Amino acid sequence: MPTRGLDRRLKDLARERVSILLKLADEVLRVDETLARRYVELAFRISAKARLKLPRRIKRRYCRKCKTPLVPGLTARVRVKRGCGGRRLVVTCLWCGFIRRYPLKPKQVRSGSGGPAGI
């Protein structure tokens, strides 16, 4: 029995289940936070078991510690901090207090036209 075809089908099934669970977590968040956390926990467990690599944009939407979906103002506080190492986006989970810092790209100065005249 070829294992590659079976492995591919299992990974496809796991991808489908993970996306369904994450969509459900986002929908049910405002009604029941504990259920949303459970859905995210299950999705991450399925992706780990199937050895799926979740995209960075998906992983950043959930707290690494408590698996709560991070929604600014509802379950997360988002700040932009300036320091000696440059600007950072600081995301704090309001459920467990876990802090995540993401580096921001430096502002690029535009040259040429495109801005208001005289500036």
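Restricted to the range 62-86, and to residues there that are surrounded by 11 or more Cβ atoms within 10 Å (Cβ to Cβ) and among the aliphatic types (A, V, I, L, M), the residue that is farthest from K105 (Cα to Cα) is L74. Selection of first residues in the range 15-26 that are assigned to a helix (DSSP H, G or I) and of second residues that are β-branched (V, I, T), restricted to Cβ pairs under 8 Å at least 6 apart or on distinct chains, gives the following pairs, ordered by first then second residue: R17/I46; V18/I46; L21/V40; L21/I46; L22/V40; L22/I58; A25/V40. Each residue in the range 41-77 was checked for being under 24 Å from L21 (Cβ atoms) and outside any loop (DSSP other than H, G, I, E, B), and 17 pass.
For A14, the requirement of being more than 29 Å from L94 (Cβ to Cβ), buried (at least 17 other Cβ atoms within 10 Å of the Cβ) and not aromatic (F, W, Y) is met. Working carefully through the options R4, R38, find the one that is farther than 17 Å from L70 by Cβ and either in contact with a helix residue (DSSP H, G or I) (Cβ under 8 Å, 6 or more places away or on another chain) or part of a helix (DSSP H, G or I) (or both). Matching residue, one of R4, R38: R4.
Throughout, read-outs are computed from the coordinates displayed, never taken from laboratory work. Predicted model, so just to flag it, every value in this text is computed and none were measured. Methodologically, a virtual Cβ is constructed for each residue, glycine included, from the backbone with ideal geometry; neighbour enumeration extends over all protein chains shown.
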